[in-house]
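J.: First the structure, then my questions, so here it is.
The values are calculated or read from the model by the stated rules, or taken from the named source; none is laboratory data. If you're wondering where the values come from, they're calculated on a predicted model, not measured in any experiment. Backbone-built Cβ (ideal geometry, glycine too); neighbour counts: all protein chains shown.
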Amino acid sequence: MMNLEIISPEKIIYSGEADSVTLPGAVGLFTILNHHAPIISVLKKGALTYKIGNSEKTMEINSGFAEVKQNIVSVCVE
């Protein structure tokens, strides 16, 4: 499991563990898994999906950015 934090300018949307995160990057969808290499990416309008065990949560975002570093995924969305 990795740590995931999804924040917006108004509030913390989610903070906890996740098995995977799929994000709408500037050049297409990409998935972050446990122990992913460090990355910073701009996000575009689309679906952000994260999985925790057998549960899957999806939210629509307009834009944002994501950073992966030391098994922590930080996502700032609008």
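J.: Among (1) within 18 Å of residue 1 (Cβ to Cβ); (2) not in a loop (DSSP other than H, G, I, E, B), where does residue 35 come up short?
T.: (2)
J.: Also, quick follow-up: Restricting the range 1-39 to residues that are within 10 Å of residue 73 (Cα to Cα) and among the β-branched types (Val, Ile, Thr), which is surrounded by the fewest Cβ atoms within 10 Å (Cβ to Cβ)?
T.: So the residue we want is 39.
J.: I'd like the full set of residues that are touching a residue at least 12 places away in the same chain (Cβ under 8 Å) and in a strand (DSSP E or B), limited to the range 23-32.
T.: Hits for the range 23-32 are 23, 24, 25, 29, 32.
J.: Something else: Name the residue that is farthest from residue 19 (Cα to Cα), counting only residues in the range 45-55 that are touching a Ser or Thr at 6+ places or on another chain (Cβ under 6 Å) and not hydrophobic (A, V, I, L, M, F, W, C).
T.: Taking the candidates together, the pick is 49.
J.: Pairs needed: first member in the range 39-59, closer than 21 Å to residue 1 by Cα; second member anywhere, surrounded by 12 or more Cβ atoms within 10 Å (Cβ to Cβ) and at pLDDT below 95; C-beta distance under 7 Å; at least 6 residues apart or different chains.
T.: none
J.: Looking only at the range 1-22, which residues are of a type in the set (A, V, I, L, M, F, W, C), without any contact (Cβ under 8 Å) to a residue 60 or more places away in the chain and either closer than 20 Å to residue 42 by Cβ or assigned to a loop (DSSP other than H, G, I, E, B) (or both)?
T.: Answer for the range 1-22, where residues must be of a type in the set (A, V, I, L, M, F, W, C), without any contact (Cβ under 8 Å) to a residue 60 or more places away in the chain and either closer than 20 Å to residue 42 by Cβ or assigned to a loop (DSSP other than H, G, I, E, B) (or both): 1, 21.
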